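Undergrad: First, the structure itself, so that you have it in front of you.
The values are calculated or read from the model by the stated rules, or taken from the named source; none is laboratory data. Here the structure is a predicted model, which is why all the values come from computation and not from measurement. Here the Cβ positions follow ideal geometry from the backbone for every residue, glycine too, while neighbour counts run over all protein chains shown. Accessible surface areas use protein heavy atoms only, side chains included; no ligands, DNA or RNA. Shrake-Rupley method; radii C 1.70, N 1.55, O 1.52, S 1.80 Å.
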Amino acid sequence: MARQYCGALGKRANCQVAVSVHAATDTASCPLDWQLYLPREWTEMPDRCRRAGVPDEAVAHQEKWRLALGMLDTLVDWELEAPVVVADAGYGVSTPFRTGLEERGLSYVLALTGKEVAHAEQARPHRPAYGGLGPPTLPRYRTPPRAVSALAAEAGPEQFTEVTWRQGSKGPMTSRFTVLTVRPAGKQSLAAAQNAGGGRNRWDGVLPTRTLLAEWPQGQDTPTGYWISNLPATTPIIDLVRWAKMRWRIEHDYRELKHGLGLDHFEGRTWRGRHHHVTLVTAAQAFLTLRRLDPKAHTPA
């Protein structure tokens, strides 16, 4: 328990925060693993962690994206494979998280806020002529990167295609989308590209391309949703949209976990108690999901 940002409240509060990984389809989702996030004020007090029963290997502070990558590694140990990883913008904006997924050979479709910066696909860096004094000037892009929201809006509404990705309670879920190829920029992206290119002095200055999916609903003045992916831009747009919108299924079931099954009712202060609680809640949600998908009991003829 510590004062930290709570997504459910949209502000900082005294609460517990966990990272979870879920298996999801169009009809259901189920948590596969949970990891309690320990803020620095906890990990910097080993005695406090020991009294709460936190295992020694979990005491070191880890960012949430590191916890998520660790749980994906655990899935591999369980011989489970993630076809495509989806996550909200809290993870999508993290270049180290995206790089970690790519290093593991995992495909992803991750939400962005729209403020992240990138160059257009056709942009190329320029290397000034060497003047003969000091180290050579590194290649650089002539124009500054722009927010992905601006790049999407610049494409124009005529480039957006109507896509229906699922049936909702009030009919088909439909909106307009487009796919762009961009070169993510910013300090983290620059550092990752330099590292992949053999270091600052050996890198050719070209930022790698990634696929940007943008949503521009009918009646809106500008695009409203953005996702980044390492899947090729030739991927069918219906598939990209379906994966981008898959988070709705997880968030829907998360509400059942919290409000229907008491996930957020735990007020204990021990590591074991917290994990026992989430395990029981997960089992209950999985049981209810199976009953909902197969409601008819088999009886003798």
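Undergrad: Per residue of the range 213-230, in order, report the coupling 6.51 cos²θ - 1.76 cosθ + 1.60 (Karplus, θ = phi - 60°) as ³J(HN,Hα) in whole Hz, putting x for Gly and Pro.
TA: 9, 10, 10, 10, x, 4, x, 8, 7, 9, x, 10, x, 9, 9, 10, 9, 9
Undergrad: Okay, moving on. On a straight-distance basis, which aspartates and glutamates could pair with LYS245 in a cross-link, Cα separation under 17 angstrom, same-chain partners fewer than 8 positions away excluded?
TA: By straight Cα distance, LYS245 reaches ASP26, ASP88, GLU162, GLU215, ASP253.
Undergrad: Compare the Cα positions of PRO136, GLY199, PHE266 along the charge dipole of the chain (+1 at Cβ of Lys, Arg; -1 at Cβ of Asp, Glu; about the Cα centre) and return the one farthest towards the positive end.
TA: Value computed over the given set: PRO136.
Undergrad: Can I ask one more? What residue among ALA155, ALA24, ALA185 shows peak mean-square fluctuation when the chain is described by a Gaussian network model with Cα springs under 10 Å?
TA: ALA155
Undergrad: Round to the nearest 10 and report in Å² the accessible area of CYS30, as given by a 1.4 Å probe over the protein chains' heavy atoms.
TA: Roughly 40 Å² of CYS30 is accessible to a 1.4 Å probe.
Undergrad: Let me have the relative contact order for the chain, percent, based on Cα pairs under 8 Å that are six or more residues apart. Mind dumping the intermediate values first?
TA: On the way: 446 pairs, mean separation 53.3, N = 301.
Averaging sequence separation for qualifying contacts and normalising by length gives 18 percent for the chain.
Undergrad: When the dipole is taken about the Cα centre of the range 100-209, and only Lys, Arg (+1) and Asp, Glu (-1) are charged at their Cβ, what size is it in debye, to the nearest 20? Could the numbers behind the result be given before it?
TA: On the way: 14 positive and 8 negative charges, 59 e Å.
Value, rounded to 20: 280 debye.
Undergrad: Sticking with this structure for a sec: Treating only the Cβ of Lys, Arg, Asp and Glu as charged (+1, +1, -1, -1), what charge dipole size does the chain show about its Cα centre? Round to the nearest 20 debye.
TA: Working: 37 positive and 30 negative charges, 142 e Å.
So the magnitude is around 680 debye.
Undergrad: Another question about this same structure. At a 1.4 Å probe radius, which order do GLU215, GLU44 fall into by accessible area, largest first? Show your work: numbers first, answer last.
TA: Values: GLU215 20, GLU44 130 Å².
The ranking, largest first, comes out as GLU44, GLU215.
Undergrad: Name the aspartates and glutamates eligible as straight-distance cross-link partners of LYS187: C-alpha to C-alpha under 18 Å, and not fewer than 8 places from it in the same chain.
TA: GLU116, ASP204
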